[in-house]
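The values are calculated or read from the model by the stated rules, or taken from the named source; none is laboratory data. Treat the numbers as computed from the prediction; the structure is a model and nothing was measured. Cβ: placed from backbone, ideal geometry, glycine included. Neighbour counts: every protein chain shown. These area figures cover heavy atoms from the full protein model, side chains too; ligands, DNA and RNA do not enter into them. Shrake-Rupley method; radii C 1.70, N 1.55, O 1.52, S 1.80 Å.
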Amino acid sequence: MPKTVRFGLVGAGRIAAQSIAPALKASAKATFQAAASRSAERAAALGPLTAYASYSELIRDPEVEAVYIATHNGLHRELALQALRSGKHVLCEKPLACSAAECEELLVASEQTGLLLMEAFMYRYHPQISRACDLVKRGAIGNLRAVEASFRFPLNNPSDVRLRREFGGGALLDVGCYCVNLARLFLGDKPARVSALSRFDSAHQVDLSTQGVLDFGADGVAMFSCGFDGGVHQRAALIGTRGVIRLDAPFITWTASPRMSVQVDGEEVVMQQDEVDTFQLEIEDFADAILTDSTPRLSADEGLRNARILDWIKEASRRSE
Ligand SMILES: NC(=O)c1ccc[n+]([C@@H]2O[C@H](COP(=O)([O-])OP(=O)(O)OC[C@H]3O[C@@H](n4cnc5c(N)ncnc54)[C@H](OP(=O)(O)O)[C@@H]3O)[C@@H](O)[C@H]2O)c1
């Protein structure tokens, strides 16, 4: 039998049931050792070898080598710290934590324990993203001047965790984090200026939408827009001096084959995309890094660098009020 990493999944919400548990079961490099939920039935329904009705019990289980955190954002920091201090590697749903200060704590714990820590930005594992990076690097669209990214969907359930401030709710942390991650991938980590405007929900005290501009000086500019207040919409465009790369489904890539096109000097080529499970690819990469004592595709400080820009955006939007 090839060696696998024994994963424990914490939280049995929508993304755990729909995507993470199936990917853990499908991965040749993972054993779905345990799941924990506030409800033992929900944990068992995910199909692990052991089900817990307590997150801490799973984290203490000596059979578990790596913990996948899939709870609401407000618990990410606390659970990741517990897991690292209990000797487990941590793969944590986005955002890694609710602020750069929280991410810094996690990074210190990961460095002190020598255990892996990764923010689960599964979209980065879709081949269309590496293809877009290659095209930009090769100068296929000339010099990159601008990145546009948007991610919106309607949130109609007033009790959703995304509308709870104390659970790390808000559109910026939920979907804006993808737009920022994509902008960073192409333009770097140090915008010279950040401007942003948020619309808040007075009942829940979270941003229902945030839009803004990250100015990377001579390297280009990123425009982003995220929200819970409109129809389902996700798009990205990489605009160069000679052409444009368009991604029609840059983030939620479990659609069979997202459309990506490259338009150069007026000619458009649509690129065929493979059908992949980005969650499975992410889990396999993380497991591989544990098994081979190497680093996964996304280093531990990626989450911190994303969070720093998210903090700047929050600050800029407060200044603009
Ligand atoms: N990568 C992606 O594509 C993707 C997509 C969606 C969401 N996410 C991320 O995944 C995480 C969970 O999102 P979701 O859509 O699965 O949310 P959800 O369906 O609302 O589930 C909420 C999660 O929080 C846990 N929880 C703990 N205390 C809770 C409380 N007091 N009230 C409600 N829930 C509580 C629940 O666990 P129990 O089992 O104990 O109830 C459950 O795991 C978030 O960090 C989100 O950003 C990622």
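Numerical summary
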| read-out | value |
| --- | --- |
| Gain on full stretching of the segment that runs from GLU111 to ASP293 - 0.36 nm per residue minus C-alpha separation | 64.1 nm |
| Radius, Kirkwood style, for segment 145-190 when every pair of distinct Cα atoms is counted (Å) | 12.0 |
| FRET efficiency, 1/(1 + (r/R0)^6) with R0 56 Å, evaluated for SER56 and THR241 via beta carbons | 0.55 |
| Alpha-carbon centroid distance for the pair segment 281-301 / segment 48-113, whole angstrom | 16 |
| Within segment 83-205: Cβ-based charge dipole about Cα centre, in debye rounded to nearest 20 (Lys, Arg +1; Asp, Glu -1) | 460 |
| Förster radius 45 Å - calculated FRET efficiency between GLN272 and LEU49 (Cβ-Cβ, nearest 0.05) | 0.70 |
| LYS3, LYS88, LYS29, LYS190, reordered so the largest accessible area comes first (probe 1.4 Å) | LYS190, LYS3, LYS29, LYS88 |
| Spin-label pair SER320/GLU166, simplified geometry with 7 Å Cα→Cβ offset, distance in nm | 3.0 |
| Descending semi-axes in whole angstrom, ellipsoid equivalent of segment 182-228, from the Cα gyration tensor | 26, 10, 7 |
| Relative contact order (%) - segment 173-234, alpha-carbon pairs under 8 angstrom, separation at least six | 33 |
| Accessible-area value, SER19, 1.4 Å probe, nucleic acids and ligands omitted, Å² | 10 |
| Stokes-Einstein D for segment 46-85, Kirkwood Rh over Cα pairs, 4 °C, 1.567 mPa s (µm²/s) | 119 |
| Percent breakdown of C-alpha pair distances by 5 Å bin, ordered from the shortest bin, for segment 213-321 | 2, 8, 12, 14, 18, 19, 15, 8, 3, 0 |
| Counted charge near ALA203, where neighbours are those whose Cβ lies closer than 15 Å (Asp, Glu -1; Lys, Arg +1) | -1 |
| Greater than 19 Å apart at Cα, pairs in LYS94/LYS137; LYS3/LYS88; LYS3/LYS94; LYS94/LYS314 | LYS94/LYS137; LYS3/LYS94 |
| Net charge of Cβ neighbours under 11 Å - reference VAL64; Lys, Arg +1; Asp, Glu -1 | -1 |
| Convex hull projection area averaged over all views, segment 238-290, Cα basis, nm² | 4.6 |
| Residue-span extension gain [SER39 to ARG85] - 0.36 nm each, minus C-alpha spacing | 14.1 nm |
| Range of Cα positions in segment 85-221 per principal axis (Å), largest first | 45, 42, 29 |
| Kirkwood-based shape ratio for segment 12-126, expressed as Rg/Rh from alpha carbons | 0.94 |
| Spherically averaged projected area of segment 108-188 from its Cα convex hull (nm²) | 8.0 |
| Student exercise, the chain dipole from Lys, Arg, Asp, Glu Cβ charges, in Debye to nearest 20 | 300 |
| Percentage relative contact order, the chain, counting C-alpha pairs under 8 Å, at least six apart | 19 |
| Accessible area in square angstrom per residue, segment 188-262, 1.4 angstrom probe | 45 |
| Angstrom value of the Kirkwood radius, inverse mean 1/r, which spans all Cα pairs in segment 1-76 | 11.9 |
| Whole-percent carbon and sulfur share, accessible surface of the chain, 1.4 Å | 49 |
| Spherically averaged projected area in nm², based on the convex hull that wraps the Cα atoms of the chain | 16.5 |
